[in-house]
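K.L.:
Here it is, the structure, as structure tokens.
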Amino acid sequence: MHEQTLAIHAGYEKDNQKTMSVPIYMTTAYDFGSADFAASSFNLEQGTDNVYTRVGNPTTAVLERRFAEIEGGSASLAVASGMAAIFYSILNIADSGDNIVVANQLYGGTVTLFSQTLKRLGIESRFFDINDIDKMKDLIDENTKCIFFETITNPSIEVPDFDAIVKIADKNGVLTIVDNTVATPILCQPFLLGVDVLVHSASKYITGQGNAIGGLIVERKNLSEKIKDNSRYPHFNAPETSYHGLVFADSVVSSVLFTFRARMILLRDTGAVLSPHNSWLFIQGLETLSLRMKQHTQSALAIAK
Ligand SMILES: *Cc1c(COP(=O)(O)O)cnc(C)c1O
């Protein structure tokens with residue numbers, strides 16, 4: 001299916017009321033029916049649906065499924081802002097003492113997050129020149145957890161050499177995380193270029209109306225093959241204390257490891273959850289995204305000429 005079709009239909013199974021428009025579920029909690037069911041839900045035996053809105057909500061789930069399909073990924077996680085999406089994408093894999101290799105041209109908020117806040121948490125950011133990718137490989141060591149860059153840099157509108165970066169990343173078994181905010185999946189689908197994880201600010205083109213702040217993390221299909229048994233990523237391969245020693249990579253969620261862990265560890269513990277109302281606004285925005293991007297592109301070309 002084309003993105004335009006997915007943007008209107010994907011990820012929504014009509015509920016009992018058969019509403020054509022996706023309903024807004026303004027609820028914090030859900031009826032478990034029995035204490036046993038509640039216990040198994042909290043032990044992740046029921047998947048992630050409908051435990052508590054901090055970690056999942058039916059309206060937000062439509063946005064997440066729809067957006068993952070439009071990007072051609074396997075799953076996505078919606079959060080309260082683009083900055084929360086970026087922060088979680090890093091915290092999901094890096095601890096104090098680790099480092100990340102990041103493009104020298106990035107959105108200003110991302111630069112301060114990487115160079116100031118992550119630094120205070122003990123995570124070092126090593127900046128590489130996007131016009132000299134060859135030098136980048138010297139920055140990677142055994143504590144490097146990802147290579148982070150933007151599809152179209154904001155604000156300098158440059159496009160890094162994806163092939164060269166992905167080649168170095170894959171050779172080293174390092175994840176690539178790309179901020180696809182400016183391109184949107186309508187102009188570029190970085191998963192087709194071999195990237196592993198995408199982050200987005202939904203606050204820009206996705207809302208289209210400037211009416212809500214939000215963010216998304218998307219993982220590519222079969223990402224677990226790169227993570228499983230990869231010694232760089234103990235977060236997915238070692239027993240998780242807060243889930244009674246569960247190893248995510250060996251569990252039922254192994255096909256959506258990255259977003260699952262971000263949801264059930266980071267969102268659970270730090271709570272930058274998207275309001276279901278804002279999820280609904282982004283669902284409305286997605287419906288017209290392809291039309292708006294076409295017009296933005298035509299206008300930009302006319303101005304450039
Ligand atoms: C705006 C923006 C962000 C931050 O997103 P918020 O939703 O404002 O938190 C991150 N990356 C890029 C490229 C952006 O343009």
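K.L.:
What are the ³J(HN,Hα) values, in whole Hz, obtained from phi via the Karplus relation 6.51 cos²θ - 1.76 cosθ + 1.60 with θ = phi - 60°, for each residue of region 290-297 in sequence order, with x given for Gly and Pro?
P.N.:
5, 5, 5, 5, 4, 5, 4, 5
K.L.:
Of LEU198, LEU291, LEU246, which has the largest mean-square fluctuation in a 10 Å C-alpha GNM of the chain?
P.N.:
LEU291
K.L.:
Roughly how many percent of the accessible protein surface of region 152-253 is carbon and sulfur, given a 1.4 Å probe and a whole-percent answer? Each step should come with its number before you reach the end.
P.N.:
On the way: 2380 of 4390 Å².
Carbon-and-sulfur percentage of accessible area, whole number: 54.
K.L.:
I've got another one for you. Averaged over all directions, how much area does the convex hull of the C-alpha atoms of region 225-264 cover when projected, in nm²? All intermediate terms of the calculation are to be shown ahead of the outcome.
P.N.:
Values: hull surface 10.3 nm².
Over all viewing directions, region 225-264 projects a mean Cα-hull area of 2.6 nm².
K.L.:
Right, next: Rounded to whole Å and sorted largest first, what semi-axes of the equivalent ellipsoid does the C-alpha gyration tensor of region 45-142 yield via the square root of 5 times each eigenvalue? List each step's numbers first, then the result.
P.N.:
On the way: eigenvalues 187, 52, 34 Å².
Semi-axis lengths for region 45-142 are 31, 16, 13 Å.
K.L.:
Given a 1.4 Å probe and heavy atoms of the protein chains only, how would you sort GLU142, GLU150, GLU124, largest accessible area at the top? Intermediate results must be reported in sequence, preceding the final value.
P.N.:
Numbers: GLU142 135, GLU150 5, GLU124 90 Å².
I get GLU142, GLU124, GLU150, largest accessible area first.
K.L.:
Ok, one more. From the phi of every residue in region 216-232, what ³J(HN,Hα) in whole Hz does the Karplus formula 6.51 cos²θ - 1.76 cosθ + 1.60 yield, where θ is phi - 60° and glycine or proline is x?
P.N.:
Once θ is set to phi - 60°, the couplings for region 216-232 become 9, 10, 10, 10, 6, 5, 6, 4, 4, 4, 7, 8, 4, 6, 8, 5, 5 Hz.
K.L.:
Using θ = phi - 60° and the Karplus curve 6.51 cos²θ - 1.76 cosθ + 1.60, what whole-Hz ³J(HN,Hα) does each residue of region 271-287 get, with Gly and Pro shown as x?
P.N.:
Per-residue couplings from phi come out as x, 7, 7, 7, 5, x, 5, 5, 4, 5, 4, 5, 4, 4, x, 4, 4 Hz.
K.L.:
Still on this model: Rank by packing, highest mean first: peptides 209-221, 55-67, with packing defined as the count of other Cβ atoms within 10 Å averaged across residues.
P.N.:
Top to bottom by mean Cβ count within 10 Å: 55-67, 209-221.
K.L.:
Also, quick follow-up: Under 5 Å between amide H atoms, partner at least 5 residues away or on a different chain: which partners does LEU246 have, H built in plane at 1.01 Å?
P.N.:
Close amide H contacts, sequence-distant or interchain: GLU240.
K.L.:
Sort region 173-293 into rounded, prolate or oblate with this rule: let a ≥ b ≥ c be the square roots of the eigenvalues of the Cα gyration tensor; rounded if a/c is under 1.5, and if a/c is not under 1.5, prolate when a/b is larger than b/c, oblate otherwise.
P.N.:
On the way: a/c = 2.99, a/b = 1.61, b/c = 1.85.
Oblate shape, in that a/c is at least 1.5 and b/c is the bigger or equal ratio.
K.L.:
For the chain, what is the Kirkwood estimate of the hydrodynamic radius, computed as the reciprocal of the mean inverse distance between distinct Cα atoms, to one decimal in Å? Before the final figure, lay out each step's value.
P.N.:
On the way: mean 1/r = 0.0504 Å⁻¹.
Final number for the Kirkwood radius of the chain is 19.8 Å.
K.L.:
Could you tell me what percent of the accessible area of region 1-134 is made up of carbon and sulfur, with a 1.4 Å probe and every protein chain present?
P.N.:
51
K.L.:
Extension gain ALA29-THR5, at 0.36 nm per residue separation less the Cα-Cα distance, in nm?
P.N.:
On the way: separation 24, 0.36 × 24 = 8.64 nm, distance 3.19 nm.
That works out to 5.5 nm of additional length.
K.L.:
Return the long-range amide H neighbours of PHE128 (sequence gap of 5 or more, or a different chain), with a cut-off of under 5 Å between placed amide H atoms.
P.N.:
VAL102, ALA103, ASN104
K.L.:
So how do ARG263, ARG126, ARG120 rank on accessible area, 1.4 Å probe, biggest first, that is with the largest at the start?
P.N.:
Values: ARG263 25, ARG126 55, ARG120 180 Å².
Highest to lowest solvent-accessible surface, that is ARG120, ARG126, ARG263.
K.L.:
Pop the C-beta distance of LYS294 and ASP132 into the FRET formula with R0 = 41 Å and round what comes out to the nearest 0.05. Could the numbers behind the result be given before it?
P.N.:
Details: r = 34 Å, r/R0 = 0.83.
With R0 = 41 Å, the Cβ-Cβ based efficiency is 0.75.
K.L.:
So with the 1.4 Å probe, I'd like the accessible area per residue for the chain, rounded to whole Å². Walk me through the numbers before you get to the answer.
P.N.:
Details: 13950 Å² over 305 residues.
It amounts to 46 Å² per residue over the chain.
K.L.:
Using a 1.4 angstrom probe with every protein chain in place, what is the largest-first accessible-area order of ARG232, ARG54?
P.N.:
Numbers: ARG232 30, ARG54 85 Å².
Greatest to least solvent exposure: ARG54, ARG232.
The values are calculated or read from the model by the stated rules, or taken from the named source; none is laboratory data. Remember, predicted model here, so these are calculated numbers, not experimental data. All Cβ positions, glycine included, derive from the backbone under ideal geometry; neighbour counts span all protein chains shown. All accessible areas refer to the heavy atoms of the entire protein, side chains included, with ligands and DNA or RNA removed. Shrake-Rupley method; radii C 1.70, N 1.55, O 1.52, S 1.80 Å.
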